[in-house]
Amino acid sequence: MGEIMRLDKLVASQFADISRADVKKLCLKKKITVNGKLMARSDAKVNTDDEIIIDGKKLTYKKHIYIMLNKPAGVVCSTKEGASRTVLDLVPDELRRDGLFPAGRLDKDTEGFVLITDDGELSHRMLSPKTHVPKTYFVRLEKPWEESYKDIMAAGMTIDGLHEGDQEEKCLPAQFLASDENVCECTLILHEGKFHQVKRMFEKVGNKVVYLKRVAIGEMPLDRGLELGQCLEIMHKDVEKLLTRK
């Protein structure tokens, strides 16, 4: 069953460039029909399952939207405008709506999968320390990896604080997977998200990250065909994959 809402609220919730006032104007211009009937009032109550046509185009109501972004380096995970481009600047017009935000963060110089959504409940579930949603990273190192990394990280290593004098931080067990093709490349699966965690973990074992890309969240991999800076809408039936533990 659908949800009962005011027409103007429903339409405005689906488009970043249409306000409630705009919906009123469209009604006055006889540009909106609901189940084949012209709507004269923008405050009329409608059902989200109704057939709503706006200026000849059918509206498909979605309570929330989920967007996969392949973030390039140099773009920040923020909703605030500043000197740098934000992830929201990369969302195409057809996927824009009010209330979008990045669910979680990647460092400015890190590439890869960022989820952009307007679903605060899902974001809370993803980021909750109790959930431990796995996040998978491709890592390129300055020096060849060592076999010892696997056991050190699986044991739940301790990393240095961010600043001199800060207390050390205990990490949850992580999965280190060495590459068979390149001795300076590996995959790391984390179940938490401490600030600069991947970089700090490799610094602790005497190495340095020179390239970092998030390639999966939960059991949802970054689409291989998605170019840097491009977005892809995630279908609602696939959203639970974002929360699945490995």
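The table for this structure:
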item	result
Efficiency of FRET from Cβ geometry, residue 6 and residue 51, R₀ 22 Å, rounded to 0.05	0.80
Solvent-accessible heavy-atom area per residue, rounded to whole Å², over the stretch 4-59 at 1.4 Å	62 Å²
Rounded to 5, percent antiparallel among DSSP beta bridges of the stretch 48-165	90 percent
Highest to lowest packing among 174-180, 63-69, scored as the average C-beta count within 10 Å	63-69, 174-180
Residues in the stretch 119-135 reached by a label modelled at residue 79 [backbone nitrogen below 13 Å; 7 Å Cα→Cβ]	119-121, 123-124
Under 18 Å from the Cα of residue 108 - aspartates and glutamates, other chains or at least 8 residues apart	81, 89, 227
Carbon and sulfur %, accessible surface of the chain computed with the full protein complex present, 1.4 Å	49 percent
Accessible-area ranking of 15, 113, largest first, probe 1.4 Å	15, 113
Estimated FRET transfer efficiency when R0 is 30 angstrom, pair residue 181-residue 237 (beta carbons, to 0.05)	0.30
Per-peptide average of other Cβ atoms within 10 Å, ordering 40-51, 1-12, 157-168 highest first	1-12, 40-51, 157-168
Lysines whose Cα lies under 24 Å from that of residue 9, excluding same-chain neighbours fewer than 8 positions away	24, 25, 29, 30, 31, 37, 45, 57, 58, 62, 63
Highest average packing first - 119-125, 85-91, Cβ atoms within 10 Å	85-91, 119-125
Within the stretch 111-246: Cβ-based charge dipole about Cα centre, in debye rounded to nearest 20 (Lys, Arg +1; Asp, Glu -1)	200 debye
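The values are calculated or read from the model by the stated rules, or taken from the named source; none is laboratory data. Keep in mind that what you see is a predicted model, and the values were worked out from it rather than measured. For neighbour counting, all protein chains shown are included, and Cβ atoms are generated from backbone atoms with ideal geometry for every residue, glycine included. To get the accessible areas, we keep the full protein, side chains included, count just its heavy atoms, and leave off ligands, DNA and RNA. Shrake-Rupley method; radii C 1.70, N 1.55, O 1.52, S 1.80 Å.
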